[in-house]
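Down below is the structure, laid out as structure tokens.
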Amino acid sequence: MVDSMADGPHRISERFRGFLPVVIDIETGGFNASTDAVLEIAASLVRMDEDGMLAVHRTLEFNVKPFESANIEQSALDFTGIDPWHPFREAVDEADALGELFRAIRKEIREQACSRAILVGHNAHFDAGFVNAAVERCDIKRNPFHPFSFFDTATLSGLAYGQTVLAKACAEAGIDFNNEHAHSAAYDAERTAELFCEIVNRWKECGGWMPSFG
């Protein structure tokens, strides 16, 4: 685990134009962010060490109750293996999940001396679309994420490894990936975060980013 280094020589606040990368994965009841349910959401926070290298810090995860009148496609449930009505899911309302998640992200932004969060995701437009739709649906006023910019690990891994599928990109990067655990928001968020860190760190090792000490 990487400790907070907001006051150290290498600052994550200097790496991404003041933005804090937060890796998000969402499991849903379909592909339409406006009509389809959010069933799981997870966020992996990353931190930078004194050498300027990124690593996964911790992951927050929530099982989410479908919002009223939400659409859920059976094909989506077959794909993820999620039972939205399982009595042991301990699911919370969408607003409660986002509220707790956003509070943790805002705290991390402050601790790392960043200006705001930027969403990282594998096919990030999908996760960003569902986050933004849920924020609007729940009338949340304080969204810590940049409203339209994000980092897409499908694109980054295509550049770095020639692979865009998460499992194949992880294999190329030397990251363990268990397909039996895939399509859990927490598992996919953590593997995506590890992949993001590996790509960013490799780029630094190749001389692609040098921190400013001015």
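The values are calculated or read from the model by the stated rules, or taken from the named source; none is laboratory data. Just so it is clear, the structure is predicted and the values come from calculations on it, not from any experiment. Cβ: placed from backbone, ideal geometry, glycine included. Neighbour counts: every protein chain shown. What goes into the accessible areas is simple: the full protein's heavy atoms, side chains included, and nothing from ligands, DNA or RNA. Shrake-Rupley method; radii C 1.70, N 1.55, O 1.52, S 1.80 Å.
Do we have F31 as in a loop (DSSP other than H, G, I, E, B), hydrophobic (A, V, I, L, M, F, W, C) and within 18 Å of the chain's Cα centre (by Cα) here? The answer is yes for F31. Scanning the stretch 164-182 for residues being of a type outside the set (G, A, S) and crowded, with 17+ Cβ neighbours inside 10 Å gives a total of 5. Among the residues of the stretch 82-117, the one identified as open to solvent by 40 Å² or more (accessible area, probe 1.4 Å), in contact with a strand residue (DSSP E or B) (Cβ under 7 Å, 6 or more places away or on another chain) and aliphatic (A, V, I, L, M) is V92. Of all residues in the stretch 174-185, at least one satisfies being under 21 Å from A117 (Cβ atoms) and at pLDDT 95 or above. Of all the residues in the stretch 63-81, those that are within 23 Å of E194 (Cβ to Cβ) and either touching a Ser or Thr at 6+ places or on another chain (Cβ under 9 Å) or open to solvent by less than 30 Å² (accessible area, probe 1.4 Å) (or both) number 2.
Taking the criterion of being farther than 19 Å from R137 by Cα and surrounded by fewer than 19 Cβ atoms within 10 Å (Cβ to Cβ), the residues of the stretch 30-59 that qualify are D49, E50, D51, M53, A55, H57, R58, T59. Looking across the stretch 100-116, the residues that are more than 13 Å from A43 (Cβ to Cβ) and in contact (Cβ under 8 Å) with a residue 24 or more places away in the chain come down to E111, Q112, A113, C114, S115, R116. Consider the stretch 155-188 and keep the residues that are in contact (Cβ under 8 Å) with a residue 60 or more places away in the chain and touching a Leu at 6+ places or on another chain (Cβ under 9 Å). The one that is farthest from R47 (Cα to Cα) is A185. Applying the selection to the stretch 128-145, what residues are more than 17 Å from F31 (Cβ to Cβ) and either free of Cβ contacts under 8 Å to residues at least 12 places away in the same chain or open to solvent by 30 Å² or more (accessible area, probe 1.4 Å) (or both)? Result: E136, C138, D139, I140, K141, R142, N143. Taken over the stretch 147-163, the criterion of being of a type in the set (S, T, Y) and either under 14 Å from E198 (Cβ atoms) or open to solvent by less than 80 Å² (accessible area, probe 1.4 Å) (or both) is satisfied by S149, T153, S157, Y161.
Can you tell me which of R137, R202 is closer than 23 Å to I41 by Cβ and of a type in the set (K, R)? Break it down into steps so the answer makes sense when it comes.
Values: R202 fails: closer than 23 Å to I41 by Cβ.
One residue alone meets the criteria, R137.
Going through (1) assigned to a loop (DSSP other than H, G, I, E, B); (2) over 18 Å from R17 (Cα atoms); (3) not aromatic (F, W, Y) one by one, A128 falls short only on (1). Looking at the stretch 141-210, the helices (runs of 4 or more DSSP H) lying wholly inside it that each contain 1 or more residues that are β-branched (V, I, T) sit at 153-161, 185-205. Scanning the stretch 75-82 turns up no residue that is in contact (Cβ under 8 Å) with a residue 40 or more places away in the chain, under 18 Å from A33 (Cα atoms) and in contact with a helix residue (DSSP H, G or I) (Cβ under 6 Å, 6 or more places away or on another chain).
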